[in-house]
Amino acid sequence: MAMDKELSETLKKAIGANIRKARLRLGLSQARLAEMVEMSTEVLGRMERKKVLPRLERLVLLCRILGVSPDQMLGFTAGPSHPPAAPTSPAYDEMMTVMRHFFLQMESRLTEAERKELMQTFAHLQRLITLMKKKGPSAVMSRRTRQSRSRK
């Protein structure tokens with residue numbers, strides 16, 4: 001039982017700090033984020049103050065809205081078994097923040113299908129940018145583009 005309590009406290013600390021950090025990075029108020037995840041501002045505040053843990057469904061929604069992976073939200077990426085993430089450029093960070101703000105502003109006007117498609121596009125763009133950073137622009141050239149160039 002002591003191990004469960006210790007784990008719970010560790011998770012409260014990691015999740016609370018990570019929610020707050022991501023929320024502030026996006027310029028969201030507690031009230032706005034609470035509204036987006038359909039919870040009270042009081043409960044979100046208690047999470048950020050490391051008093052309570054979110055339910056799994058809310059944790060997943062928080063990760064999506066805040067643009068944080070579940071591993072990051074739970075504090076797992078800081079452990080020694082995970083290499084640190086490659087540093088991003090200020091331009092990349094700014095672009096991703098602008099895109100998240102756009103999505104957050106548009107979300108109330110979108111149907112569920114449009115919201116899902118936008119999230120998939122956003123995730124694809126993040127993967128594309130990551131791939132470009134690792135291998136350079138030629139790595140992301142489409143197969144069709146490579147084929148059309150080889151035919152010329």
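The values are calculated or read from the model by the stated rules, or taken from the named source; none is laboratory data. Every value quoted in this text rests on a predicted model; they were computed, and no experiment measured them. Just the protein is used for accessible areas: all its heavy atoms, side chains included, with ligands, DNA and RNA removed. Shrake-Rupley method; radii C 1.70, N 1.55, O 1.52, S 1.80 Å.
For His101, His124, the ranking by accessible surface with the largest value first comes to His124, His101, using a 1.4 Å probe. For Arg46, the accessible surface of its heavy atoms amounts to roughly 90 Å² (probe 1.4 Å, protein chains only, rounded to the nearest 10). Derived scalar couplings between HN and Hα for region 65-77 equal 5, 8, x, 10, 6, x, 4, 5, 4, 7, x, 6, 6 Hz in order, rounded to whole Hz, by the Karplus curve 6.51 cos²θ - 1.76 cosθ + 1.60 (θ = phi - 60°), x for Gly and Pro.
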